[in-house]
Amino acid sequence: MFAIPVFADTLTRADLKVDQSLSDQGARTYAQPQFIWLTQVIPATQDVTFDAKYWYQTLYYYSITRLGYTDIPFTYLVDRDGNVFGGRDGGPGVVPEIDGGTGGILIGYLSTGTDVTNQAQKTIEKLIGDSSYQFGITKDKVKIVDMAMIKNMDSVVPTNTKLTQIHNAFSQNITQFIDGITFYDKEHNNYQGEIVSVTYDKDAKAG
C-alpha cells in the first residue's frame with residue numbers, strides 16, 4: 001500500500017469526531033494517483049462558513065447519508081486559515097468516486113470567495129509539491145476544476161460526480177502560484193507490506 005504523507009497541521013477524522021462507521025471502507029479501491037484536482041467548495045448555507053470543523057462534518061454526513069457516497073469524496077480539504085482536513089479514509093492512494101475512476105488527489109478549498117489567502121496558499125503549495133514528489137505528478141496533470149455532484153434517483157450509482165476544468169477568477173488565483181512549485185516526473189514512494197500468513201507443505205518430498 002502507499003505510504004501516506006503526514007502534514008503537521010492535518011486534522012484527522014478522529015479529531016473531527018465524525019461517525020466513521022457510516023463510511024463503507026470495503027468498497028474502496030487503490031490506484032497510483034495520476035492527477036491533482038483542485039476545486040472550490042461553496043456551501044449551500046452561510047451558517048457553516050464560520051466554523052471549518054462544522055463545515056467538514058456537514059460535508060461528511062451529507063456526502064454519505066444524502067448523496068450515497070461510500071465516504072467523503074475529497075482527499076484533502078483546506079480552509080482559509082491554511083488548516084488541512086483529512087478526507088477519504090486510506091489517504092491519497094484511494095480512487096475518488098468520480099466519473100472514470102481515475103487515480104487522483106482531490107483537494108477542496110473551503111471558501112465562499114475566489115481569493116486564496118496566504119495561509120491557504122502555503123498549505124496548497126505543500127500539498128501539491130509533496131504529492132508531486134511522492135507520486136511523480138507533473139505540472140500539466142494539475143487541474144483546477146468545478147465539481148458537480150448529481151444525485152441519480154433511479155440508478156445503482158446514487159451520485160454521478162463530474163469534474164470539469166474551469167477558467168475563472170479562482171483558477172487564475174491558483175495558477176499564479178502553481179508556477180512557483182517544484183514538480184517531479186518520477187515517483188519517490190515507499191511501499192509498505194506485511195506477511196499475513198504462510199501456507200506450505202510441511203512434508204518433505206522425495207527427489
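The values are calculated or read from the model by the stated rules, or taken from the named source; none is laboratory data. Everything numeric here is computed off the predicted structure, so don't read it as measured data. Cβ placement follows ideal geometry from the backbone for every residue including glycine, while neighbour counts extend to all protein chains displayed. Accessible surface areas use protein heavy atoms only, side chains included; no ligands, DNA or RNA. Shrake-Rupley method; radii C 1.70, N 1.55, O 1.52, S 1.80 Å.
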- Message: Pairs please, first residue from segment 1-30 and over 19 Å from Tyr62 (Cβ atoms), second anywhere and at pLDDT below 75 and not in a loop (DSSP other than H, G, I, E, B), Cβ atoms under 8 Å, 6+ apart in sequence or on different chains.
- Response: Met1/Tyr191; Phe2/Tyr191; Ala3/Tyr191; Tyr30/Phe2
- Item | Criterion violated by Asn168 - all others in (1) surrounded by 14 or more Cβ atoms within 10 Å (Cβ to Cβ); (2) modelled with pLDDT of 90 or more satisfied | (1)
- Task: For Arg28, indicate whether it is open to solvent by 20 Å² or more (accessible area, probe 1.4 Å) and within 24 Å of Thr117 (Cα to Cα).
- Result: no
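Which of the residues spanning segment 93-121 are in a helix (DSSP H, G or I), closer than 20 Å to Trp55 by Cβ and open to solvent by 20 Å² or more (accessible area, probe 1.4 Å)?
Start the filter on segment 93-121 by keeping residues that are in a helix (DSSP H, G or I), which leaves 93, 118-121.
When the remaining residues are screened for being closer than 20 Å to Trp55 by Cβ, the result is 119-121.
Matches in segment 93-121: Gln119, Gln121.
Please work out if Asp71 is open to solvent by less than 10 Å² (accessible area, probe 1.4 Å) and at negative phi. Before the answer, list the steps.
Numbers: open to solvent by less than 10 Å² (accessible area, probe 1.4 Å): yes; at negative phi: yes.
Considered against the rule, which asks whether it is open to solvent by less than 10 Å² (accessible area, probe 1.4 Å) and at negative phi, Asp71 comes out as yes.
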